[in-house]
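K.L.:
Questions regarding the structure given below will be posed in turn.
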Amino acid sequence: MGSSGASMGGAAGQGRQAGGTPRAALADLLTGNRRFVSGQPIHGHDVTAAAAASGDQQPYAVVLGCIDSRVPLEAIFDQTFGAICVIRTGGHVLDRAVCGSIEYVVGQLGVPLVMVLGHERCGAVGAAVDALRTGQRPGGSLAHLVDEIAPAVTEVGIDDPAVHPLAIRRHVRRTVGTLRADDLLAGPIAAGRVAVVGGLYDLATGEVALLDPG
Ligand SMILES: [Zn+2]
């Protein structure tokens, strides 16, 4: 099992790159997305793969994405067991549990890459747009999601005809910026051992495009 990935430029998707470079980790993630988009994934999610990865974990990236059912992160990056850590919240909103989880995989597992992945037609961002447009803040903990996304909507401008798609991109960049300033991540980032990047997933094509820091 272990040798097939090694022939694809390192250990693509094999989950054996902890401590590698951010650049190599990003290349492997995007290579996995290209396999997915081309209809040629190499990783089936069968129990033999689970067993092969059942020792100590050595993931090479952590992806923070949305809970949206149309964006299953291991699938769209064609990753196998043990390869990536995945965190999903509505609109990839951060809280202490999310930040602590990322600090853990970076600090304790040596993961060199953090990707924040937004997606087109995100309902959480749409809820924030609606809340600002109507002045109706939702109740419960949903208010936390809306409150965290609202600044991206405001920066774009609620009256912009493209406020929803533009706020999706802005919110990814804001989330990336918050993580880059995280107390425990800023040092490794400054030393070049860790990178935080933003991406956007196209629901129709399956493609992940990197967003510039903007
Ligand atoms: Zn979403």
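K.L.:
Where does each of 182-195, 112-125, 55-68, 37-50 land if you order them by average Cβ count within 10 Å, highest first? Numbers along the way, then the final one.
P.N.:
Values: 182-195: 14.9, 112-125: 23.8, 55-68: 20.5, 37-50: 12.4.
Descending mean neighbour count gives 112-125, 55-68, 182-195, 37-50.
K.L.:
Another question, if that's okay. So for the pair Asp160, Ala52, with labels modelled 7 Å out along Cα→Cβ, what separation do we get in nm?
P.N.:
Output for this residue pair reads 4.4 nm.
K.L.:
In Å, the Kirkwood hydrodynamic radius of the range 69-131 over pairs of distinct alpha carbons? Could the numbers behind the result be given before it?
P.N.:
Values: mean 1/r = 0.0752 Å⁻¹.
Value: 13.3 Å, from the Cα pair sum.
K.L.:
Same structure again: How high is the relative contact order of the range 110-214, given as a whole-number percent (alpha carbon pairs under 8 Å, six or more residues apart)? Walk me through the numbers before you get to the answer.
P.N.:
Values: 138 pairs, mean separation 37.7, N = 105.
Normalised by residue count, the contact order of the range 110-214 is 36 percent.
K.L.:
Shifting gears a bit: Give me the three principal axis extents of the chain from the C-alpha atoms, as integers in angstrom, largest value leading.
P.N.:
Projected onto its principal axes, the Cα set of the chain covers 56, 38, 31 Å.
K.L.:
Would you kindly give the portion of the calculated P(r) for the range 100-214 that falls above 22 Å, as a percent of all Cα pairs?
P.N.:
Working: 2659 of 6555 pairs.
Every Cα pair in the range 100-214 considered, those over 22 Å come to 41 percent.
K.L.:
Please tell me the relative contact order of the range 28-124 in percent, rounded to the nearest whole number, where contacts are Cα pairs under 8 Å and at least six residues apart.
P.N.:
Working: 131 pairs, mean separation 33.6, N = 97.
Computed over the range 28-124, the figure is 35 percent.
K.L.:
Return a whole-number percent for the relative contact order of the chain, with Cα pairs under 8 Å and 6 or more residues apart as the contact set.
P.N.:
Numbers: 371 pairs, mean separation 46.8, N = 214.
For the chain, the relative contact order is 22 percent.
K.L.:
Place the peptides 95-108, 159-172, 70-83 in order of packing, highest mean first, counting for every residue the other Cβ atoms within 10 Å and averaging per peptide. Working shown, then result.
P.N.:
Numbers: 95-108: 15.0, 159-172: 18.8, 70-83: 21.2.
Result, highest mean Cβ count within 10 Å first: 70-83, 159-172, 95-108.
K.L.:
Additional query: Ignoring ligands, DNA and RNA, what percent of the 1.4 Å accessible area of the chain is carbon and sulfur? Could the numbers behind the result be given before it?
P.N.:
Details: 5400 of 10070 Å².
Exposed carbon and sulfur together represent 54 percent of the surface.
K.L.:
Using label points projected 7 Å from each Cα along Cα→Cβ, tell me how many nm separate Glu103 and Ala181, to one decimal.
P.N.:
Modelled inter-label distance: 1.6 nm.
The values are calculated or read from the model by the stated rules, or taken from the named source; none is laboratory data. All values reported here derive from a predicted model rather than from experimental measurement. Positions of Cβ are generated from backbone atoms using ideal geometry, with glycine treated the same way; all protein chains shown enter the neighbour counts. The area values use the complete protein model at the heavy-atom level, side chains included, leaving out ligands, DNA and RNA. Shrake-Rupley method; radii C 1.70, N 1.55, O 1.52, S 1.80 Å.
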